Structure formats: C-alpha cells, structure tokens
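Note sheet for the following structure.
No lab work stands behind these numbers, since they all come straight from the coordinates. This one's a predicted model, so the numbers in the text were calculated from it and none came from an experiment. Reconstructed Cβ throughout: ideal geometry from the backbone, glycine too, with neighbour counts over all protein chains shown.
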Amino acid sequence: MNLNLMLIGSLENAPETGRRRFMAVSKQQEDFLRQQALQDTLRQFQGRILPIHHPLTQEVRRITRRIITASNLGYLEGDAAHADPESSALFDPWAEIMHMPGSEIPRSPTMHSEKEWTVLVVDDRNFVNAFAAPGLVCVSTGIMPVAKNEEGLAAVIGHEIGHVAMRHSAEQLSQSKLLFPVMGLLALLGVDFGISSVLANLLHSLPHSRALETEADIVGLKLMSRACYDPGAAPRFFEDMSRLEEGNNIPTFLRTHPQTSERIAHLKTLLPESYNIYQSNPECAKLEDMRRRGYIKRVSRDVRTGAVF
C-alpha cells in the first residue's frame, strides 16, 4: 500500500506535452547531478577540452549566455558581473516576452536566475555531439561543421538546455529506480536477465528516450526564439545532419532519437509559434536597432574554424 502511494505521489504530467512520468528525485539529488556530470565529463575528455580563452569556447559561451539570460535561467561560471554587451544589457528578465502566452518554458526548482552554468568545448572532430546536464553545457568541435554558424549552434545549445529545463536527467534517474527492482524481480522468477534487458530496452527505454528528444526539440525552439535566434535554424540543422546519416537504415524502434526526417517535419510545424515568440520580443528589435546605430557590432564567426568575418 505504501509503495502504491509512493508511486502515485511521484507521478506528474510533463510540461509542454502532458506526458505522464515518474519523478522521484529531490532537489538536492538534482543539484548533485551537475557536479557528477561535470566531473565525469572532465575525466572522460581529459586533455581535449579547449581553454576558456579559446575563440570557439568563447563563441559557445556567448551563445549559451544569451540563451540562459533571455529566459532568466542563471549565469555562466566565470562571469563575475553576470554581464555581457549582447545579452545582459539587452535582455531584461522582466521584459514583456517573459509573460507572453506560448513563450513560457518549464521552470523547476533548480532553474532560476542564480543558477551557475559551466560551458565546455571538447576538441574532437570525430565526436559529433553535444549534451547538457543541470548547470552544464558541453559541445564538441565535431558538431560545429554541421551547425555551420551561430544560428545553427544556438539550435543545438537550445535543444540541450531544453533537456535540462524539462528535468530529463532527473527523470531518467527516477526511471532507473523503477526498472532495476522490476528486472531483479523477473530474475528471481527465472526470466533470463539478457532477455529482460532487451525487452526493457525495446518496450520502455528506447521509446522513452525518443519522447525526451521530442520534448527537448519543443523547448529548445522556444529558448532560441526568446534569445533572438532564428528558429528556422533548427530544422536546417537537422537537414544537414540527415546528410551525414545517409545509408543509416536503423528502424525507428531501435533508435534513441526519432527519425531525423520526422524531427524536421515536427520542428517545421512549430515554426509559426516560434516566429511569433521571436517577433513579439521587444528585445530582438532593440538588439537590431543598437546594431543599426553602431552601438554594438554583429560579430560573425565560422564555428568550424573560429575565423571572424
């Protein structure tokens, strides 16, 4: 009876999609995930992490700073004054966009204006990936040729921060608290552990992973739109990614991510709402006006080479 009450009490509707999910992670445990993820990342990529002063690290930091500042999600580690000429000075946390219907993003107790974020760039052209955990954003140089430019990279970073906003790390930890006892029970009943693992993966883990990716796509579009990045860069990024996947005929039910063609189609259905967020944000118009007046300059950087033009 107590177990049933615990299970029922830990069920909730996921923001954005209303998907029912099991969440049994405390705020303290969720805060611990940041330190654990950071330590694991530093250990795994030791010797391959670019220094903070490297142009590519500075570019990723600038984009991340702008995204989290536009949604009042915290500040970057190392930003003593929490200030940046293209973000903090322009994106007022109390701007109209914060309360515009349709622009809201999920806000858990661990997502707030005083949250510190660490940004890491892994120098590995063969590692085509980016990921995030509570308070951590990590981007590889391998994904930069696909992102191509600042807008594309903003789509990648927005998606990864979307995972954090949706508390997906905490949800996966909660899921493990259910799956391990169930698989242990099946083993006691004589079910081969290998068979139960395969079934759990096919029937739960993989579909669940695909659902999380779709939710991060939704929130990521909002995050980049609120930060005045063109949301159309998101489907364009996946169109370029699909060219790298040519010949990859893995069926959907065996994938951790949705089919790229499906993601592109879904993202395009979300663009009208995303452009509404973008166009309704007075900070975007203010940014362009300051550029026209010459108060700030638009700096374009090829994220593949770090060259400024």
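Remarks
- Calculated FRET value between I250 and N13, using beta carbons and R₀ = 41 Å, to 0.05: 0.85
- For the peptides 129-140, 31-42, the ranking by mean Cβ contacts within 10 Å, running from highest to lowest, is 129-140, 31-42.
- In this rough spin-label picture, where each label sits 7 Å from Cα along the Cβ direction, the F180-R125 distance is 4.1 nm.
- Computed packing ranks the peptides 162-171, 118-127 as 162-171, 118-127, most packed first, by mean other Cβ atoms within 10 Å.
- Mean Cβ neighbour count within 10 Å, used as a protection proxy, ranking 177-183, 58-64 highest first: 58-64, 177-183
- Subtracting the Cα-Cα distance of S197 and Q44 from their residue separation scaled by 0.36 nm leaves 52.5 nm.
- Rough spin-label spacing in nm, given labels placed 7 Å along Cα→Cβ, for Q259 and Y275: 2.6
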